[in-house]
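Q: Here's a structure for you.
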Amino acid sequence: ESSDRSEKQVSGAEVIAQALKTQDVAYMFGIVGIPVTEIAVAAQKLGITYVGMRNEQAACYAASAIGYLTGRPGVCLVVSGPGLIHALGGMANANMNCWPLIVIGGSSERRQETMGAFQEFPQVEACRLYSKFSARPSSIECIPSIIEKAVRSSIYGRPGPCYVDIPADFVNFQVNVNSVKYVECCMPPPVSMAETSAVYMAASVIRNARQPLLIIGKGAAYAHAEEALRKLVEQCKLPFLPTPMGKGVIPDNHPNCVAAARSRALQFADVIVLFGARLNWILHFGLPPRYQPDVKFIQVDICAEELGNNVKPAVTLLGDINAITKQLLEQFDKTPWQYPPESSWWQTLREKMKINEAASKELASPKSLPMNYYTVFYHVQEQLSRDCFVVSEGANTMDIGRTVIQNYLPRHRLDAGTFGTMGVGLGFAIAAAIVAKDRNPGQRVICVEGDSAFGFSGMEVETVCRYNLPIIILVVNNNGIYQGFDADSWKEMAPPFCLLPNSHYEQVMTAFGGKGYFVQTPEELQKSLKQSLADTTKPSLINIMIEPQSARKTQDFHWLTRSNI
Ligand code: ADP
Ligand code: MG
């Protein structure tokens, strides 16, 4: 028996699959072709869920969402040259979002390198700009250690994408099974705590704040800091503001959530604690006029290089958000303190919230047709269950939708993110639906798309139908990018931002056997959404016609209104 085993051969493809399995990688998205088909087959055989997509870009978005949702990277498997290049968009997006991801790219045969081989391209170099680690194993025997390093690098420190290059001649080449040593599964990321003196200082700055604010970013969601953060908010009675994907870490309907007074809260806070949120464009760089010139920032982040970007922070807390929030809680346990609920700061925030909430209700109330964004989102919000995933992209659709559609659970909102990427929606929705299927069957995924955003990865509807994922896609259709025209005004000129008026996007879904609805009234919207939610066996697409010139409510600040917030 033992001599039998020593003669047993194993292919490069099988080694890759086994190495991934050993590193606890559970999901692979991709498109097969020369030279990676065998890798997908081998992975599937070992019980890794393989999802075949229609464009590598969408496959890469899906794989990256797996990393954010599960804390373990998903794999994006692509063919050489153009396949890998299509995936770069997904890698860049994951890199910007700080999400773990493994991209495995087939590449041309080594002996044809520099000879103009089929789809030859400098793939390792190309990926370097978008990844934390980019390498080609020097032999089949080296594959397991390179894959372990890629998986570990993707989740240790600030998470991000890693690339492993697999030359075509590795895939089917057979080696003796005993010559391959599988590296044990890497340990979970080590958890680091902040320096004790910095924690004291942070607690003291918070205690002395007149107008404090906590900002909860997607780093806090990724860190699973929901329980500790909620305790901090409730124990110290502090107002908090989620970033777009920070929504749901603490439920949006929590009384201390001041999202409805966002601009006001940012503008007048004197102490702001950032939990896994960067001071980039989403937070207006932390600079006046959106903030007080002397606002004190306390930055909590796992990445030392992030600390001090754009502002000089009052205190920096380097380490894991969950651990550091607990360190802060210890301070407030030792010497209990709470921010006075009757302060004028709370009054200011509450007043502004009331005004803003009333204004958006008002905007939702017109009974005239076509509907506007607010009317649509109010009707949608009414019917959604609290545990659904909300995926969203588009300009106005995402910006306005975010203010009306609520999140109650952490890591249940996925959107265009730090990079403002359009085309992520379908891939993200597919990833969320696959995770739901394995972990919480019956949980729904609602994908709220602008008509333009939908177009970027629209053919993934076939993927949705092929795997029969009961995703509900809402296309909020204004015939264009930002704004469109009605059919009559459109006729002669076709301006750059216009799309074909009255397009029947729902037929993309019916083409593949899903349910499609074309709706023009609130009643039709209510009815079709109700039917879609009731049918847990089929995906559906509701194409919602709205006023082509519909826009968001006027903002106090006119610059940066195209912002993601
Ligand atoms: P948002 O878009 O919600 O503002 P960002 O993507 O800008 O969030 O910021 C997320 C931050 O969270 C990144 O700077 C990242 O380094 C940090 N981060 C990720 N995981 C952790 C963790 N476990 N502990 C601390 N910080 C983390
Ligand atoms: Mg549009």
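Q: Would you please name the residue that is surrounded by the most Cβ atoms within 10 Å (Cβ to Cβ), looking only at residues in segment 154-178 that are polar (S, T, N, Q) and in a helix (DSSP H, G or I)?
A: SER154
Q: So the check is Cβ under 8 Å with 6+ separation or different chains; which pairs have a first residue in segment 322-346 that's exposed (fewer than 12 other Cβ atoms within 10 Å of the Cβ) and a second one that's in a loop (DSSP other than H, G, I, E, B)?
A: Once the first residue is exposed (fewer than 12 other Cβ atoms within 10 Å of the Cβ) and sits in segment 322-346, its partners that are in a loop (DSSP other than H, G, I, E, B) give PRO340/LYS237; PRO341/LYS237.
Q: If you take the residues in segment 242-257 that are away from ligand 1 (no atom under 16 Å from the Cβ) and touching a residue at least 40 places away in the same chain (Cβ under 8 Å), which one is farthest from ALA220 (Cα to Cα)?
A: Of everything passing the filter in segment 242-257, ASN253 is farthest from ALA220 (Cα to Cα).
Q: Name the residue, out of LEU560, LEU529, that is at pLDDT below 95 and closer than 30 Å to SER365 by Cβ.
A: Exactly one of LEU560, LEU529 is at pLDDT below 95 and closer than 30 Å to SER365 by Cβ, namely LEU560.
Q: Residues LYS181, LYS149: which one is among the basic types (Lys, Arg), assigned to a helix (DSSP H, G or I) and at negative phi?
A: LYS149 is the lone residue from the list that is among the basic types (Lys, Arg), assigned to a helix (DSSP H, G or I) and at negative phi.
Q: Which one of these does ILE216 not meet: (1) away from ligand 1 (no atom under 12 Å from the Cβ); (2) surrounded by 14 or more Cβ atoms within 10 Å (Cβ to Cβ)?
A: (1) is the only condition that ILE216 fails.
Q: Which of (1) β-branched (Val, Ile, Thr); (2) touching a residue at least 40 places away in the same chain (Cβ under 8 Å); (3) in a helix (DSSP H, G or I) does VAL233 not meet, given it meets every other one?
A: All conditions pass for VAL233, except number (2).
Q: Just a yes or no: is a residue in segment 495-513 at pLDDT below 95, away from ligand 2 (no atom under 16 Å from the Cβ) and either closer than 30 Å to ARG444 by Cα or surrounded by fewer than 19 Cβ atoms within 10 Å (Cβ to Cβ) (or both)?
A: Looking through segment 495-513, none of the residues is at pLDDT below 95, away from ligand 2 (no atom under 16 Å from the Cβ) and either closer than 30 Å to ARG444 by Cα or surrounded by fewer than 19 Cβ atoms within 10 Å (Cβ to Cβ) (or both).
Q: Residues to consider are ALA265, ALA260, ALA277; find the one that is under 25 Å from ASP387 (Cβ atoms), assigned to a helix (DSSP H, G or I) and touching a helix residue (DSSP H, G or I) at 6+ places or on another chain (Cβ under 7 Å).
A: ALA260
Q: Let me ask something additional. List the number of the failed condition for LEU384; all other conditions in (1) surrounded by fewer than 19 Cβ atoms within 10 Å (Cβ to Cβ); (2) touching a Gly at 6+ places or on another chain (Cβ under 7 Å); (3) of a type outside the set (D, E, K, R) hold.
A: All conditions are met except number (2).
The values are calculated or read from the model by the stated rules, or taken from the named source; none is laboratory data. All values derive from a computational prediction rather than experimental measurement. Because the Cβ atoms are built from the backbone with ideal geometry, glycine has one as well, and the counts that use them run over all protein chains shown.
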